[in-house]
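Read the structure below first, then the notes.
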Amino acid sequence: MPSAAEIAWLIPVLPLVGAIATGLGLIAFNSTTNRMRKPVAIGLLTCLGAATVLSYAVLIDQLSGGLPVEHLFVWASAGSFSLPMGYVVDPLGAVMLALVTTIALLVMIYSHGYMAHDKGYVRFFTYLALFSSSMLGLIISPNLLEIYVFWELVGMCSYLLVGFWYDREGAAHAAQKAFVVNRVGDFGLLLGILGLFWATGSFDFHGIADGLLVAIQGGTVPAWAAITLCLLVFMGPMAKSAQFPLHVWLPDAMEGPTPISALIHAATMVAAGIFLVARLEPLYSQFPFVGLVIAVVGTITCFLGASIALTQMDLKKGLAYSTVSQLGYMMLAMGCGAPVAGMFHLVTHAFFKAMLFLGSGSVIHAMEEVVGHEPILAQDMRLMGGLRKKMPITSRTFFIGCIAISGIPPLAGFWSKDEILGQAFSTFPILWAFGFLTAGMTAFYMFRLYFLTFEGTFRGNDKDLQASLLRASGKSLEEGEEELIGHPSGSVHESSWPMTLPLVVLAVPSVFIGLLGTPWNSKFGFLLDPAEAAAMATSFDWGEFLLLAGASVLISSAGIVLATFAYYLQRLDLGKQIASRFPLLNTFLVKKWYLDDINEKIFVQGSRRLAREVLEVDAKVVDGVVNLTGILTLGSGEGLKYFETGRAQFYALVVFGGVIALVALFGVLGQ
Amino acid sequence: MIEIGLLPTFGSVGTLGVDALGNDFPWLSLSIFFPIIGALIVPFVPDEGEGKQVRWFALVIALATFLITVAAYLKGYEPSQEGLQLAERVDWLPDLGLVWAVGADGLSMPLILLTSFITALAVLAAWPVSFKPKLFFFLILAMDGGQIAVFAVQDMLLFFLAWELELLPVYLLLAIWGGKKRQYAATKFIIYTAGSSLFILLAALAMGFFGGGQPNFEFINLAEKSFGTGFQILCYAGLLIAFGVKLPIVPLHTWLPDAHGEATAPVHMLLAGILLKMGGYALLRFNAQLLPEAHTYFAPLLIVLGVVNIIYAALTSFAQRNLKRKIAYSSISHMGFVLIGIGSFSVLGTSGAMLQMISHGLIGASLFFLVGATYDRTHTLQLDEMGGVGQNMRIMFALWTVCSLASLALPGMSGFISELMVFAGFVTDEAYTLPFRVVMASLAAVGVILTPIYLLSMLREIFFGKENVQLTSQNKLVDAEPREIYIIGCLLVPIIGIGLYPRLMTDTYSASIEALVKRDLVAMKSVGRPVPSIMKKGLLTPALFSAPEF
């Protein structure tokens, strides 16, 4: 019996086989396959379930001291160049495998409920399995190039899933934007990988790190070039993990079905960037400047995401900006040279953010009964309120998620976020200050979301408000009204068990998993980096810990208290107050720091204009010269149009005859 | 000047006449003449006028040709050998120095297989053709033989004849079955290609007569002649124009959007799948292999032109509102990678160029077929009039998505690995200075961003959005039929196969590419540097083109 790590390659292959089988079925026997919902769902769940079991076996194997396993084969070769591919299983990978399979499995169960009435149920499950397979492949990739391969594949799945409801204009644009912005990051990643390959002759993580060190010492590669290459590679994680300024795609990606937002755009794919930076730790740790850049980018992202989340009225977009902000925390940890802390936050965040997103999906699903399948209405918190009594499981798990992300001990978010802030405090105190401030903002906006959604009175039946929201979003009123008539107002109720079960399951780790990473005895740290964890445990100082932790708990509590006053007790109308006193700040936040506008004006419109101008040149100048030559040589006022039927055949014949004649002539002359 | 004796053996020297497996069955002549004979029988096939019988006959002939080329590959071709295989040589007109010499090495064999494969699928794609079906299938089959001849002949004069012969079927296919502006497009095509191919004739004659004595145009003899550097440069320039029109290289490309824009789907598949590859093949065969010294002078220009192709064509494609022309420009953009690969002086890059040709042959054919199939339903090619089509044609939408993703070089499909090989080969090779490589690779990588922009915008504008009432009221938007799914399926098998395991394809030609690049490197060593003197005074700083150090 081979050990679990030896057959780890099966983990991505299992869901892939399922996805291929269903995908071929969809192409070849579309209507039949679409009707076979149950068999497809059970089949894919089995594939993913088996992968999950295997992943946990691998994790247990690594926990009990199993050695990392690596298998390679030559994938491509030309001349002296050969490119190995294969798989590697180490503690970092094992943790990610278990995390991704768990959440993917729960999301798949959830989708059975969420997508129950959707025509594309089977297609959705196929995409889910395809995504899981690509993501798992990314995790076990042994070198940068293989990571790039799966990196693109998860991007493709994200494109397909964001654009899943392809009749929606918004989804179409969001899907394209997600792919293109990610390609901007991949542009850097690809150049960086190629450059590192040029400098070191290797794609392997350790090979690159060692090779680059040797190359710099040997003088073949200047230090500035090495730093440039590192930063180019970092562009990939910046796009994928939604770091400033390439974060613009993530909030738009919320156009996709909510289970996808939970799986891809909160828990797993967006974490791939963090994961890659952790993999590249041996490389990045050589250059303090690169670490500084990463930390600064992370801090800006963290602060920006939280500040925009303060004003969001769309439930999912609020959570999306929260994700941006939390990813910023993780990147900050990476920049501080504390990959273990970053990875720990990745894990805890994956659990509670997936739960929050699935909870929001449950809410939206319930709201659609009242306001119809119009995301502008179903996701707007101004139409929610008072859902706690109607949706007890959803509201309770959402509440747990809010406490967890706010960093209240002993829930998961406290331990991981506090560790990052502690690391930042000792490395970059200024960046710590921003992170600290963000912690307060996080608690505030999360409880704002909670109170607006679940407390107060239900506002969903307010037709005037619905109409004004539709008008504000630029949709025509008639269209909206039609849709309202199409969906007579039902009532809000708790979702079915496939949707609530994953919420409950996810609540467990959201509460307890943090205890695995206590700074004085971090089991998580001992798995990933035993030396580092031991050093941390010995140098642990209760006084310092209590001071820092106390401060962050204090600011989080302040945020919660403020939110309670403003949105639960409704003692002060914070929105209006801010808007009247600081109109500039308010518009700045509502406009999302104007980054979307800048992106639209400069890049989208700019590229369109440039393309049009080039086409103009092509048609008028380049082709014009050709046509002009035609006119001159043929002596015709109408150019090539004159040169119609018959002539060209004649011309070709002349050429051909000429050839024969020349051949004959030279033949004679040659004798 | 270099001593030819010092060169690594040119492909065929030494192995000519001795077949790899001692098999002297004339496989290649058979695969050239079989479809041509089939074409000559087409007029006598009993048919009721709608093409219902003749199309079956054509399909059988095309499939049989494909099987013959496969048999040739399996029986008489040994991939690990660099030399000429399956060689046949018959004196045709000895007085004129004209011989019937065919053979296949790593440069030819994959393209011969590609030709017969795509042609068979094109015949299947031409199933609905009902206007003058006999003439149509006659031309397609004649073209099949002509195309294989272009890749198989080993004599430059013969090559020129095959090159010219293949123009006539294309011209007629364009002019008779094309769209509204077919006459204009066909005329433009013939003037461009026939005009530029005069350079091939001039170069062939010059090279054949060089050194006096009995003229001889066979590649092996041409390879042994020691042309002067100036002579090489003259020939190279002429050939570059001729093949640059075909590939095409910006700014010699303007015939292509017109021709591709007017062609019907099957012709379109052949144009994109095979005809463009003639340009790339000929650049490798003549410019890089027979004129290695001139190649060291021109290679930097090829790189620059390749980058221009990638960016310029990607931008024009983005702005195009006509679907066919959009994809036509995307073909030009993809051919830029072939140019960079050929100019890279590295085995990896040149291998990548070869793979890019094969890969684009498959992907381009699939996209153009889909364009045709979509046009049959929507009766419009204007993107502004489409939109929301995905509601009615789900499978078509899926096929489009897969092929577009293949075209934008998604890993797991052939386009990714070929572009990656070109990039990696160019960047890691020491033939160019570091700044030149950095600038060119960065610019070429901009294509990585531009390609998804125009391809995904295109998908969005055709398929996404609410159901298109205006279109559905006038046309019946039926979903893809089994024949169409089958054609795309056949094309996707090699696309994904190569993407998953590229050695399936690269192993069939890597020995020949290695020999070719070695020859170029020896020439570069003797010339010293790939610095064209004309470019020293040009816009680009000379530092970009300074020499590699040996």
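Below are the figures for this structure:
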item	result
Entirely in the stretch B:141-254, the helices (runs of 4 or more DSSP H) that have 2 or more residues that are free of Cβ contacts under 8 Å to residues at least 40 places away in the same chain and within 14 Å of chain A (Cβ to nearest Cβ)	B:156-165, B:167-177, B:182-209
Count - residues of the stretch A:145-190 that are part of a loop (DSSP other than H, G, I, E, B), within 9 Å of chain B (Cβ to nearest Cβ) and open to solvent by less than 10 Å² (accessible area, probe 1.4 Å)	1
Residue that is nearest to residue A:356 (Cα to Cα) [pool: residues in the stretch A:250-262 that are part of a helix (DSSP H, G or I) and over 9 Å from the mean Cα position of the chain (by Cα)]	A:262
Scan of the stretch A:406-442 for residues that are small (Gly, Ala, Ser) and open to solvent by 20 Å² or more (accessible area, probe 1.4 Å), ordered by number	A:422, A:426, A:433
Test: residue in the stretch B:375-382 that is within 11 Å of another protein chain (Cβ to nearest Cβ), open to solvent by 10 Å² or more (accessible area, probe 1.4 Å) and of a type in the set (S, T, N, Q)	no
Selected residue [among the small types (Gly, Ala, Ser) and closer than 20 Å to residue A:144 by Cα] from A:192, A:163, A:218, A:170	A:192
Selection from the stretch A:397-437 of residues that are among the β-branched types (Val, Ile, Thr) and within 24 Å of the chain's Cα centre (by Cα)	A:397, A:400, A:403, A:405, A:420
For residue A:550: the one exception among (1) surrounded by 15 or more Cβ atoms within 10 Å (Cβ to Cβ); (2) modelled with pLDDT of 80 or more; (3) out of contact with any Lys or Arg (no Cβ under 6 Å at 6 or more places or on another chain)	(1)
Check on residue B:422, under 20 Å from residue B:360 (Cβ atoms) and more than 9 Å from chain A (Cβ to nearest Cβ)	yes
Matching residues, the stretch A:17-38, being under 26 Å from residue B:393 (Cβ atoms), open to solvent by 50 Å² or more (accessible area, probe 1.4 Å), part of a helix (DSSP H, G or I) and away from chain B (no Cβ under 12 Å)	A:21, A:32, A:35, A:37
Selection within the stretch A:1-16 - at pLDDT 80 or above and not in a helix (DSSP H, G or I)	A:8, A:9
Only listed residue being under 17 Å from the mean Cα position of the chain (by Cα) and part of a helix (DSSP H, G or I), chosen from B:373, B:365	B:365
Boolean, residue A:14 is aliphatic (A, V, I, L, M) and open to solvent by 40 Å² or more (accessible area, probe 1.4 Å)	yes
Elements of type helices (runs of 4 or more DSSP H) in the stretch A:308-378, at least 1 residues being within 16 Å of residue A:263 (Cβ to Cβ)	A:315-335, A:339-371
Scan of the stretch A:443-466 for residues that are open to solvent by less than 20 Å² (accessible area, probe 1.4 Å), among the hydrophobic types (A, V, I, L, M, F, W, C) and at pLDDT below 85, ordered by number	none
Among the candidates A:3, A:80, residue that is hydroxyl-bearing (Ser, Thr, Tyr) and either in contact (Cβ under 8 Å) with a residue 60 or more places away in the chain or over 30 Å from residue B:426 (Cα atoms) (or both)	A:3
Residues satisfying the stated conditions in the stretch A:348-385, i.e. of a type outside the set (D, E, K, R) and open to solvent by 10 Å² or more (accessible area, probe 1.4 Å)	A:351, A:365, A:373, A:375, A:376, A:379
Answer residue from the stretch B:459-470, given it is more than 7 Å from chain A (Cβ to nearest Cβ) and open to solvent by less than 10 Å² (accessible area, probe 1.4 Å) and is nearest to residue B:306 (Cα to Cα) among those	B:459
Close pairs from the stretch B:447-458: first more than 7 Å from every other protein chain (Cβ to nearest Cβ), partner among the acidic types (Asp, Glu), Cβ under 6 Å, at least 6 apart	none
Close pairs (7 angstrom Cβ cut-off, 6 or more residues apart or separate chains): more than 13 Å from every other protein chain (Cβ to nearest Cβ) and more than 18 Å from residue B:458 (Cβ to Cβ) in the stretch A:599-610, open to solvent by less than 100 Å² (accessible area, probe 1.4 Å) and at pLDDT 80 or above anywhere	A:599/A:248
Within the stretch B:196-240, tally of residues that are more than 18 Å from residue B:160 (Cα to Cα) and charged (D, E, K, R)	2
Test: residue in the stretch B:146-160 that is more than 16 Å from the chain's Cα centre (by Cα) and within 27 Å of residue B:488 (Cβ to Cβ)	no
Filter pass, residue B:122 being part of a helix (DSSP H, G or I) and farther than 24 Å from residue B:486 by Cβ	no
Test: residue A:66 is in contact with a helix residue (DSSP H, G or I) (Cβ under 7 Å, 6 or more places away or on another chain), over 30 Å from residue B:480 (Cβ atoms) and either outside any helix (DSSP H, G or I) or within 14 Å of chain B (Cβ to nearest Cβ) (or both)	yes
Residue within the stretch B:162-175 that is open to solvent by 30 Å² or more (accessible area, probe 1.4 Å) and closer than 22 Å to residue B:222 by Cβ present	yes
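Residue-by-condition table, conditions (1) surrounded by 23 or more Cβ atoms within 10 Å (Cβ to Cβ); (2) among the acidic types (Asp, Glu); (3) within 22 Å of the chain's Cα centre (by Cα); (4) over 25 Å from residue B:124 (Cα atoms):
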position: B:57; (1), (2), (3), (4): no, no, no, no
position: B:61; (1), (2), (3), (4): yes, no, no, no
position: B:66; (1), (2), (3), (4): no, no, yes, no
position: B:71; (1), (2), (3), (4): no, no, no, no
position: B:77; (1), (2), (3), (4): yes, no, yes, yes
position: B:81; (1), (2), (3), (4): no, no, no, yes
position: B:89; (1), (2), (3), (4): no, no, no, yes
position: B:92; (1), (2), (3), (4): no, no, no, yes
position: B:99; (1), (2), (3), (4): no, no, no, yes
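Residues checked against (1) assigned to a strand (DSSP E or B); (2) at positive phi; (3) within 14 Å of chain B (Cβ to nearest Cβ):
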| site | (1), (2), (3) |
| --- | --- |
| A:42 | no, no, no |
| A:50 | no, no, no |
| A:54 | no, no, no |
| A:72 | yes, no, no |
| A:75 | yes, no, yes |
| A:88 | yes, no, no |
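Each row is one residue, and each column tells you yes or no for (1) surrounded by fewer than 20 Cβ atoms within 10 Å (Cβ to Cβ); (2) touching a residue at least 40 places away in the same chain (Cβ under 8 Å).
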{"site": "A:44", "(1), (2)": "no, yes"}
{"site": "A:51", "(1), (2)": "no, yes"}
{"site": "A:57", "(1), (2)": "yes, yes"}
{"site": "A:62", "(1), (2)": "no, yes"}
{"site": "A:74", "(1), (2)": "yes, no"}
{"site": "A:92", "(1), (2)": "no, yes"}
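The values are calculated or read from the model by the stated rules, or taken from the named source; none is laboratory data. For clarity, every value in this text was computed on a predicted model and none was experimentally measured. In this analysis, Cβ positions are derived from the backbone assuming ideal geometry, glycine residues included, and neighbour counts consider all displayed protein chains. Remember, those area values only see protein heavy atoms, side chains included, never the ligands or the DNA or RNA. Shrake-Rupley method; radii C 1.70, N 1.55, O 1.52, S 1.80 Å.
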